[in-house]
Amino acid sequence: MLNKLNHIGIAVKNIEDTLLIYKKLGLELESIEEVPSQKVKVAFIPIGEVRIELLEPTSDDSPIAKFIAKRGEGIHHLAFGTDDVVEELNLAESNDLRLIDKVPRQGAHNASIAFLHPKSTLGVLIELCQENH
Ligand code: ZN
């Protein structure tokens, strides 16, 4: 089952510029990595048990670049944590939620992730996230 808010994804044009804002709040960068399959650079900022995930597009055809072009920078998705992302996908599908990912893919931090379609969740993009330790 879903057991926590894992992270909040925020679409940004530039991670370095954005980090300056979070540093003003006393928050620290944990790590930056590139996720080529998503065409993004990802920075994690821990805050308690949750992380802020900054997403910067690495190419103009990145889904994040399209999001920023259409809606501007800002909150992009909520990620709910689970120990079994496949089970959550099956549950969501059996309850008539639309899936973007029918099978999980690899996200940042070596997590297995899958997105639900925002059309079936009233505009909120929801990521299911299983951390693989
Ligand atoms: Zn995410």
Range in the chain, longest, excluding exposed trypsin sites (Lys or Arg not before Pro) [loop by DSSP; at most 13 other beta-carbon atoms within 10 Å] | 14-97
Provide, for q = 0.11 Å⁻¹, the log10 of I(q)/I(0) from a solvent-free Debye sum over equal Cα point scatterers in the chain.
-> -0.37
Amide hydrogen neighbours beyond the local backbone of Asp101, cut-off 5 Å, H modeled = Phe115
Divide by every residue of the chain the summed helix terms, -39500 (n - 2.57) for each DSSP H run of at least 4, and state the resulting mean residue ellipticity at 222 nm, rounded to the nearest 500 deg cm²/dmol.
-> -6500 deg cm²/dmol
Average Cα contact separation per residue, the chain, under 8 Å, 6 or more apart, as relative contact order % | 26
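On the protein heavy atoms, probe 1.4 angstrom, tell me the percent of accessible surface of the chain carried by carbon and sulfur.
Working: 4160 of 7670 Å².
Carbon with sulfur: 54 percent of the solvent-accessible area.
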Where the centroid of each part is defined by its Cα atoms, how far is region 73-99 from region 1-50 in Å?
-> 19
Ignoring everything but the protein chains, give the 1.4 Å probe accessible area of Leu29 in square angstrom, nearest 10.
-> 70
Give, to the nearest whole percent, the P(r) tail of region 43-112 beyond 17 angstrom, counting all Cα pairs.
-> 57
For Glu49, the accessible surface traced by a 1.4 Å probe with all protein chains present amounts, in square angstrom to the nearest 10, to 150
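The values are calculated or read from the model by the stated rules, or taken from the named source; none is laboratory data. It should be emphasised that the depicted structure is a prediction, and the values quoted were computed from it without experimental measurement. Glycine gets a Cβ as well: all are built from the backbone with ideal geometry, and neighbour counts include every protein chain shown. For the accessible areas, the whole protein counts, side chains as well, though only heavy atoms, and no ligand, DNA or RNA atoms are used. Shrake-Rupley method; radii C 1.70, N 1.55, O 1.52, S 1.80 Å.
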